[in-house]
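All of the numbers you see were taken from the coordinates with simple rules; none came from a lab. For clarity, every value in this text was computed on a predicted model and none was experimentally measured. FYI the Cβ positions are ideal-geometry reconstructions off the backbone, even for glycines, and counts take in every protein chain you see.
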């Protein structure tokens, strides 16, 4: 038993120092990370905040992310339009263009197939619809009008009607 280390002990000591060095470096990197705890009920927008932060502070969505989210965005848009059409029917709100009607005679037809509209979309939101925003649960954030106007070219395109469940 001397004051020197065996080759195995020296190797173990070197591994231990390397592990401690890596832990210290990882700790310094982790200390720079900002952590945010988002609390809220279901469907309150927590994941939306995370996605927006990713878009703003990182490089945005990758091509794979765009391919993944594109059908979801289109589906949400169609479902939202269907909800608006059902709300218009239940609240007795007519289309601004009196000649515009939905195909189908029964209410069940309205929810099952949506028409592909191409023309006759107003350039500005209807004041009558805005005045009825409370029963329809509409809000008017700053981006709403710009977003809805950006949808007009998509809505004007000829497309196949979708089945909405």
Checklist outcome for this item: The ratio Rg/Rh over the Cα atoms of region 3-62, Rh being the Kirkwood inverse mean 1/r radius, stands at 1.37
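Which of 86, 15 comes first, and how do the rest follow, when ranked by fewest Cβ neighbours within 10 Å? Before the final figure, lay out each step's value.
Numbers: 86 13, 15 10.
Neighbour counts put them in this order, fewest first: 15, 86.
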Next on the checklist: Please rank 93, 49, fewest neighbouring Cβ atoms within 10 Å first, as an exposure proxy.
Outcome noted: 49, 93
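Once the piece of chain linking residue 62 and residue 15 is laid out straight, how much longer is it, given 0.36 nm per residue of separation minus the C-alpha distance between them? Mind showing how you got there, number by number?
Details: separation 47, 0.36 × 47 = 16.92 nm, distance 3.89 nm.
So the chain would gain 13.0 nm between residue 62 and residue 15.
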